[in-house]
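Structure, as structure tokens:
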Amino acid sequence: MITLKHLSKVYRTTEVETAALRDINLEVAVGEFVAVMGPSGCGKSTFLNIVGMLDNPSGGEYWFGTQNVAGYSESQLSELRKNTIGFVFQSFNLIDELNVAENVELALLYHKGISAGERKTRVRAALERMKIAHRARHMPQQLSGGQQQRVAIARAVVAAPKLILADEPTGNLDSANGEEVMQLLTELNGDGTTVVMVTHSHSHAEYAHRIVNFLDGAIVTENVRQLL
């Protein structure tokens with residue numbers, strides 16, 4: 001699904017040049033679950049932004065399937081991103097003024113050709129899948145952190161993306177809710193969705209098929225788990 005070849009990202013100002021990513025070579029197969037780890041400032045977030053098509057690399061190639069998207073325009077990236085990628089964030093990023101169902105439906109409003117009735121059906125199915133349908137009319141502030149993250153995952157999967165990118169999805173949760181979220185991501189991966197997750201948690205990284213370790217903008221090690 002994803003092939004990165006000699007990928008780099010450099011941020012420049014008039015006085016300073018900072019290499020956020022250096023010569024990244026990585027492949028992620030369809031249906032794989034990859035965890036990305038490393039200390040703060042090592043390039044994990046930059047990596048996720050580029051894989052998520054929220055930013056362009058400075059050099060190298062990024063193949064998404066058969067498309068080299070490294071030089072795509074923002075409109076091209078936006079169109080591909082909305083049809084293929086779902087995002088899950090540490091901070092949930094729910095809109096306080098919208099209820100649970102409306103927050104999830106928001107992810108479908110940019111998809112042409114989906115009727116209002118179909119949107120409602122998809123939202124209901126996503127909420128039921130995340131076991132949070134009974135809270136559909138509640139506002140985000142009425143939910144626990146774990147429940148809010150369930151809503152955020154429902155929003156990420158409602159458009160049936162091929163890839164889920166999760167940025168510290170358990171970072172704001174206690175251990176019990178964190179484990180529940182990891183179980184949900186594992187179930188989605190078991191259904192065939194590719195997952196790439198940035199995490200500081202070694203225990204949560206163990207849910208992945210492979211752990212990729214970053215340091216100073218480069219991949220330093222990759223560990224493949226021996227799955228039963």
With the requirement that a residue be of a type outside the set (F, W, Y), touching a helix residue (DSSP H, G or I) at 6+ places or on another chain (Cβ under 6 Å) and surrounded by 18 or more Cβ atoms within 10 Å (Cβ to Cβ), what does segment 82-102 give you? G86, V88, L94, V100, A101
In segment 25-55, what residues are closer than 23 Å to S78 by Cβ, touching a strand residue (DSSP E or B) at 6+ places or on another chain (Cβ under 8 Å) and among the hydrophobic types (A, V, I, L, M, F, W, C)? V28, V30, F47, L48, I50, V51, M53
Pick from segment 1-24 the residues that are open to solvent by 20 Å² or more (accessible area, probe 1.4 Å) and under 19 Å from the mean Cα position of the chain (by Cα): which of them is modelled with the highest pLDDT? T3
Any residue that is among the β-branched types (V, I, T), out of contact with any helix residue (DSSP H, G or I) (no Cβ under 6 Å at 6 or more places or on another chain) and under 22 Å from H111 (Cα atoms) - is there at least one of those in segment 206-215? no
Listed by first then second residue, the pairs whose first member lies in segment 3-26 and is at positive phi, whose partner is open to solvent by 100 Å² or more (accessible area, probe 1.4 Å), with beta carbons under 6 Å and at least 6 positions apart or on separate chains, are D23/H6
Elements of type strands (runs of 3 or more DSSP E) in segment 114-228, at least 2 residues being open to solvent by less than 40 Å² (accessible area, probe 1.4 Å) and within 30 Å of P39 (Cβ to Cβ): 163-167, 194-198, 210-215
Pull out all pairs, ordered by first then second residue, where Cβ-Cβ is under 7 Å, the residues are six or more apart or on different chains, the first lies in segment 191-213 and is under 19 Å from G52 (Cβ atoms), and the second is open to solvent by 40 Å² or more (accessible area, probe 1.4 Å) and of a type in the set (V, I, T). T194/V30; R210/V224; V212/I219
Just the residues that are in contact with a helix residue (DSSP H, G or I) (Cβ under 6 Å, 6 or more places away or on another chain) and touching a residue at least 24 places away in the same chain (Cβ under 8 Å), please, taken from segment 104-118. V104, E105, A107, L108, Y110
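The values are calculated or read from the model by the stated rules, or taken from the named source; none is laboratory data. This structure is a prediction, so every number in the text was calculated from the model and none was measured. Cβ: placed from backbone, ideal geometry, glycine included. Neighbour counts: every protein chain shown. The area values use the complete protein model at the heavy-atom level, side chains included, leaving out ligands, DNA and RNA. Shrake-Rupley method; radii C 1.70, N 1.55, O 1.52, S 1.80 Å.
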